[in-house]
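Report on the structure given below.
The values are calculated or read from the model by the stated rules, or taken from the named source; none is laboratory data. Every value quoted in this text rests on a predicted model; they were computed, and no experiment measured them. As a convention, Cβ positions derive from the backbone with ideal geometry for all residues, glycine included, and neighbour counts pool all protein chains shown. Side chains are part of the model used for accessible areas, which takes the heavy atoms of the whole protein and leaves out ligands, DNA and RNA. Shrake-Rupley method; radii C 1.70, N 1.55, O 1.52, S 1.80 Å.
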Amino acid sequence: MELNKLTAHELHQLLIDKKISAVEITNAVLDRIDQSEKSIGAYITVTREHALDSARTVDKKIADGQSIGVLGGIPIAIKDNICTKGIKTTCASKILENFVPPYDATVIQKLRAENPIIVGKANMDEFAMGGSTENSGFHVTHNPRDLERVPGGSSGGSAAAVASDEAIIALGSDTGGSIRQPASFCGVVGMKPTYGRVSRYGLVAYASSLDQIGPITKDVTDCAHVLNAIAGHDDMDSTSTAAPVPDYTQSLRVDVKGLKIGLPKEYFAAGMDSEVEQSIRNAASEYEKLGATIKTISLPHTDYAISAYYLIAPAEAATNLERYDGVSYGVRIDGVDVVDMMKNTRTALFGAEVKRRIMIGNYALSAGYYDAYYLKALKVRTLIQNDFVEAFKDVDVILAPTAPTPAFKIGEMIDDPLKMYLQDVCTVPLNLAGLPGISVPCGETSTGLPIGFQLIGRALDEETLIRAAYTFEQR
Ligand code: GLN
């Protein structure tokens, strides 16, 4: 039995039945990492010793008759923008190459209560800016399903680790699609929870009003388990909601009878890959056969989502990234005076995409342009939020593509940022509206590339997403 190929819930059963040990699982995953990291490059840091130590602790707990959480002994990859105490957290940026956080993000603290095994910090686009993981300051990650293609991004390392069995589960972050799009490119499940459902404390900020941490897993059951472990209010994040957290595993039911599913016509626009479109339409028919009703709906301001996102996100990023000045964090490159030092540090150590966004953001926020760009983008954001409010009067959940194409070739779009930004057309509206979304594998192209669909839910209604996703997965 290749333990690294199993899901967390399967491994948990074997662990509590004492058929296997946490050390065996961890070794299986570490062996797989040794074997395939050269070709895939999912990780920035592999925490081998730390992982084996944690695994021995879990085995001791089991031997002592103590109970372990469902994620106890399960190898997990953590996106490298989530702070891990004592473990380097670089955001895939040269500017944070030597940064070792003195504290754990809240999600890590919560996970530790369940004793999963952190096997490493996953590669990403620098500061989560990108959709291909090609913007990493260190190396490119390859899609395990086709090594010439990108794994998506920015959580490409997390998705590639899970898809290649170099981790059983992973955490990613999603500001404009960064969990869902890589999940769909790599053929795994990825969920962006409602804004505020999961604490952002210790997530290195990209665009604070959009960022959200979420699970990347092999199946919907594992997604529910990881969400159970990380969701909930946190005093350290004032934007986290006080709404009670349900047990998401209760939603793992085959049951969509009477569920009203909306297909937004604007999400099937020109430029969409025909095989992707066909796959989503097939999924809609499947749902109909399973007892759901399908209705075409309209989200009329979808066309403006990319423009609004690519003003709001860079504006917030420009502000958030001011802290990397060579003084407070990370690496410093000296200069003749303090201004020169900051200029040298930021010029040499930020990548091209990060610089582009800092410039766009500062431009949009500057006097004279603020009203024309930033403020207008905020108004568009409200219109997009209202589109969803209207739509959810008629339907319970919205079904759409996760991305307009399957995984593209490495290098294909890197010199054309606008083309790359258009990739996010189906994912950014949810972030602007703060809504939850899940990407679930729903087919393959004729050449064998994975295709994912996206289910979009009402705020804080992750339960319906999990139920609908599980029903489809089990069919
Ligand atoms: N691709 C989008 C961007 O480049 C989304 C990134 C993300 O969700 N972190 O901003």
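Summary of computed values
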read-out: Residue match in region 305-314 (condition: within 30 Å of Gly448 (Cβ to Cβ) and within 16 Å of the ligand (Cβ to nearest atom)); value: yes
read-out: Flag for Gly69 being surrounded by fewer than 19 Cβ atoms within 10 Å (Cβ to Cβ) and at pLDDT below 95; value: yes
read-out: Number of positions in region 426-448 that are in a loop (DSSP other than H, G, I, E, B) and crowded, with 23+ Cβ neighbours inside 10 Å; value: 4
read-out: Subset of region 391-420 [open to solvent by 20 Å² or more (accessible area, probe 1.4 Å), among the β-branched types (Val, Ile, Thr) and either part of a strand (DSSP E or B) or more than 15 Å from the ligand (Cβ to nearest atom) (or both)]; value: Ile410
read-out: Candidate set: region 421-475, residues that are charged (D, E, K, R) and more than 17 Å from the chain's Cα centre (by Cα); chosen: the one modelled with the lowest pLDDT; value: Arg475
read-out: Those residues of region 438-463 which are among the acidic types (Asp, Glu) and more than 18 Å from Lys260 (Cβ to Cβ), in sequence order; value: Glu444
read-out: Count of region 256-276 residues which are touching a residue at least 60 places away in the same chain (Cβ under 8 Å) and open to solvent by less than 50 Å² (accessible area, probe 1.4 Å); value: 11
read-out: Residues within region 138-164 that are in contact with a Cys (Cβ under 6 Å, 6 or more places away or on another chain) and open to solvent by 20 Å² or more (accessible area, probe 1.4 Å), tallied; value: 1
read-out: Residue in region 352-375 that is farther than 26 Å from Asp325 by Cβ and open to solvent by 70 Å² or more (accessible area, probe 1.4 Å) present; value: yes
read-out: Answer from Leu455, Leu465 - the residue that is open to solvent by less than 10 Å² (accessible area, probe 1.4 Å), in a helix (DSSP H, G or I) and over 22 Å from Leu147 (Cα atoms); value: Leu465
read-out: Checklist (1) in contact with a Lys or Arg (Cβ under 7 Å, 6 or more places away or on another chain); (2) at pLDDT below 95 applied to Gly330, failing item; value: (1)
read-out: Residue pairs meeting the criteria (Cβ under 6 Å; at least 6 apart or on separate chains; first in contact (Cβ under 8 Å) with a residue 40 or more places away in the chain and under 19 Å from Ala318 (Cβ atoms), in region 124-135; second buried (at least 24 other Cβ atoms within 10 Å of the Cβ) and among the charged types (D, E, K, R)); value: Met129/Arg357; Asn135/Asp125; Asn135/Glu126
read-out: Selection within region 261-290 - within 17 Å of Pro404 (Cβ to Cβ) and not in a helix (DSSP H, G or I); value: Leu263, Pro264, Phe268, Ala269, Ala270, Gly271, Met272, Asp273
read-out: Subset tally (residues that are farther than 20 Å from Met359 by Cα, among the small types (Gly, Ala, Ser) and surrounded by 21 or more Cβ atoms within 10 Å (Cβ to Cβ)) for region 93-132; value: 4
read-out: Filter pass, Asn135 being more than 22 Å from Asp211 (Cβ to Cβ), polar (S, T, N, Q), out of contact with any Lys or Arg (no Cβ under 7 Å at 6 or more places or on another chain) and open to solvent by 10 Å² or more (accessible area, probe 1.4 Å); value: no
read-out: Hits in region 122-176 (condition: among the acidic types (Asp, Glu) and more than 8 Å from the ligand (Cβ to nearest atom)); value: Glu126, Glu134, Asp146, Glu148, Asp165, Glu166
read-out: Close pairs from region 349-370: first under 19 Å from Val331 (Cβ atoms), partner charged (D, E, K, R) and open to solvent by 50 Å² or more (accessible area, probe 1.4 Å), Cβ under 9 Å, at least 6 apart; value: Leu349/Lys94; Leu349/Glu97; Phe350/Lys94; Gly351/Lys94; Lys355/Arg346; Ile358/Glu322; Ile358/Arg346
read-out: Complete set of residues in region 33-58 that are farther than 20 Å from Pro116 by Cβ and among the hydrophobic types (A, V, I, L, M, F, W, C); value: Ile40
read-out: Condition met for Ile230 (under 20 Å from Cys91 (Cβ atoms), open to solvent by less than 10 Å² (accessible area, probe 1.4 Å), among the aliphatic types (A, V, I, L, M) and within 16 Å of the ligand (Cβ to nearest atom)); value: no
